[in-house]
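Written out below as structure tokens is the structure these notes cover.
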Amino acid sequence: MSDQSPRPRTSGKPYRRPKKDPVRMLAFEALRAVDERDAYANLVLPPLLRKAREKEGPEKFDGRDAALATELVYGTLRRQGTYDAVIAACIDRPLREVDPPVLDVLSLGVHQLLGTRIPTHAAVSASVELARVVLGDGRAKFVNAVLRKVAQDDLDGWVAKVAPPYEDDPEEHLAVVHSHPRWVVSALWDSLGGGRAGIEALLAADNERPEVTLVARPGRATTGELLTEESAVPGRWSPYAVRLAEGGEPGAIEAVRTGRAGVQDEGSQLVATALANAPLDGPDERWLDGCAGPGGKAALLAALAAERGAALLASEKQPHRAGLVAKALAGNPGPYQVIAADGTRPPWRAGSFDRVLMDVPCTGLGALRRRPEARWRRRPEDLEGFGPLQRELFLTALDSVRVGGVVGYATCSPHLAETRAVVADVLKQRPDSELVDARPLLPGVPDLGEGPDVQLWPHLHGTDAMYLAIVRRTG
């Protein structure tokens, strides 16, 4: 009969089972899902947090635990590039030869050491304990050795060691310091223009935790109602925006639960309201959102259309995303319809609409604050896949609007290949269309550039980096 009792170590010390820390276990599970399944942290975290609360109970897993788990996940993903450089300097093999689960444990440990106020001894011991649970004792020793090296300096000290001097290689310096892939730094710098201060401010803003912003859908909720919530303050630019300055759980707000309000970045609100307010000639009765999923802009457009007696058609290619659009629009006071249709092969007749929004699929480089993992997932070659689709959808939008009507071309990316290059190429093919100055359609919003298109920025406007061009069909 075999002995199933814990065996002593060779040192003579009795074997101790590793303790499972629910917060760090949850953070590790989230990082594994992001790495293995290409999941997004904002979709993975909520069910993991609910599961932890149910399993551990509210006494053992409270709001502070949830906040720490969220910080560990998002902080590690945002600073992954910097932390990879630090870890690479502390090991004797290429980083690519480190098993991904080991690297995730190391990255969580490095973030606790360099990016939080967790005491050094607690950060190291908690990370080693996590390694014992998920990796085994052998690899836990490796984690311990690496983290003890990392703990010998702070973040500024490590950055000075691992980043090349700005004077020698500006883009690589910024990539390491601000934890962005080099190609993203280069693309954002080109889009932004200007000198060092602007790009540094933008990259730093990408690494800040964004505020939760709500939208009060016209005719269904008011900002006054939302401002009665704890820590709620008015939005900066959108008349329908309210910010939760200290975070908070939007799902706990009655207006959000019932769909009268929603969670929506202020940049997205501005895109929808600018299209709705663009001047046109003739009737204003039929509106189209041609890439409507997951439904935030469509819900705001539908509410604005209802105020004028207009109807919105919301079209989305993917059926499951069309379902999300239908859910977002449920209860809208005016007429609307949601369909699952390919915007490049539309089922509606040409010239059917007075206003058309085409918020096209893109790299998402404008929302890196919210989806930090996207910066590591995207590649420059992705632009080659998006470009033809963006042009085709924009051309469809111009076909779909009547003469005298307006089209809004929008992206959640500031990359010039997805913004001005697309607009310029399409307008060359369409002499029957002209750009409209979009800047007056965003009243009170500063730093909108020379126009006629608009580029919003996290560091200047506190929004995602939304792009908008307004085009009028003239013939």
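So here's what we get for this one:
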| read-out | value |
| --- | --- |
| Hits in segment 219-246 (condition: touching a residue at least 40 places away in the same chain (Cβ under 8 Å) and within 24 Å of the chain's Cα centre (by Cα)) | R236, W237, Y240 |
| Index of the failed condition, G109 passing every other in (1) part of a helix (DSSP H, G or I); (2) open to solvent by less than 30 Å² (accessible area, probe 1.4 Å); (3) more than 23 Å from V162 (Cβ to Cβ) | (3) |
| Selection count, segment 440-465, where residues are surrounded by fewer than 18 Cβ atoms within 10 Å (Cβ to Cβ) and either part of a helix (DSSP H, G or I) or of a type in the set (D, E, K, R) (or both) | 3 |
| Members of segment 427-439 that are outside any loop (DSSP other than H, G, I, E, B) and touching a strand residue (DSSP E or B) at 6+ places or on another chain (Cβ under 8 Å) | L427, S433, E434, L435, V436, R439 |
| Residues that are out of contact with any helix residue (DSSP H, G or I) (no Cβ under 7 Å at 6 or more places or on another chain) and either surrounded by 18 or more Cβ atoms within 10 Å (Cβ to Cβ) or in a helix (DSSP H, G or I) (or both), drawn from segment 47-64 | P47, R50, K51, R53, E54, K55, G63, R64 |
| Single unsatisfied condition, A160 versus (1) part of a helix (DSSP H, G or I); (2) hydrophobic (A, V, I, L, M, F, W, C); (3) open to solvent by less than 50 Å² (accessible area, probe 1.4 Å) | (3) |
| In segment 181-212, residue most open to solvent (accessible area, probe 1.4 Å) [restricted to those that are among the acidic types (D, E) and modelled with pLDDT under 95] | E208 |
| Residue count, segment 270-329 (criterion: over 22 Å from L398 (Cβ atoms), surrounded by fewer than 20 Cβ atoms within 10 Å (Cβ to Cβ) and under 25 Å from the mean Cα position of the chain (by Cα)) | 9 |
| Tabulated pairs, segment 281-310, first closer than 15 Å to A326 by Cβ, second of a type in the set (V, I, T) and open to solvent by 60 Å² or more (accessible area, probe 1.4 Å), C-beta under 6 angstrom, 6+ apart or interchain | none |
| Qualifying residue in segment 347-354 (condition: more than 23 Å from P431 (Cα to Cα), free of Cβ contacts under 8 Å to residues at least 12 places away in the same chain and touching a strand residue (DSSP E or B) at 6+ places or on another chain (Cβ under 9 Å)) | yes |
| Identity of the residue in segment 363-387, of a type in the set (G, A, S) and farther than 20 Å from E211 by Cβ, that ends up surrounded by the most Cβ atoms within 10 Å (Cβ to Cβ) | G387 |
| Sole residue being in a helix (DSSP H, G or I) and open to solvent by 50 Å² or more (accessible area, probe 1.4 Å), chosen from A85, A67 | A67 |
| Within segment 400-426, tally of residues that are surrounded by fewer than 18 Cβ atoms within 10 Å (Cβ to Cβ) and part of a helix (DSSP H, G or I) | 4 |
| Segment 95-106, residues that are within 14 Å of T76 (Cα to Cα), open to solvent by 10 Å² or more (accessible area, probe 1.4 Å) and without any contact (Cβ under 8 Å) to a residue 60 or more places away in the chain | L103 |
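One line per residue, one yes/no per condition, for (1) of a type in the set (S, T, Y); (2) in a strand (DSSP E or B); (3) more than 23 Å from the chain's Cα centre (by Cα):
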position: A140; (1), (2), (3): no, no, yes
position: Q152; (1), (2), (3): no, no, yes
position: D156; (1), (2), (3): no, no, yes
position: Y166; (1), (2), (3): yes, no, yes
position: A187; (1), (2), (3): no, no, no
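The values are calculated or read from the model by the stated rules, or taken from the named source; none is laboratory data. Everything numeric here is computed off the predicted structure, so don't read it as measured data. Cβ: placed from backbone, ideal geometry, glycine included. Neighbour counts: every protein chain shown. Ligands, DNA and RNA are excluded from the accessible area calculation, which covers all protein heavy atoms including side chains. Shrake-Rupley method; radii C 1.70, N 1.55, O 1.52, S 1.80 Å.
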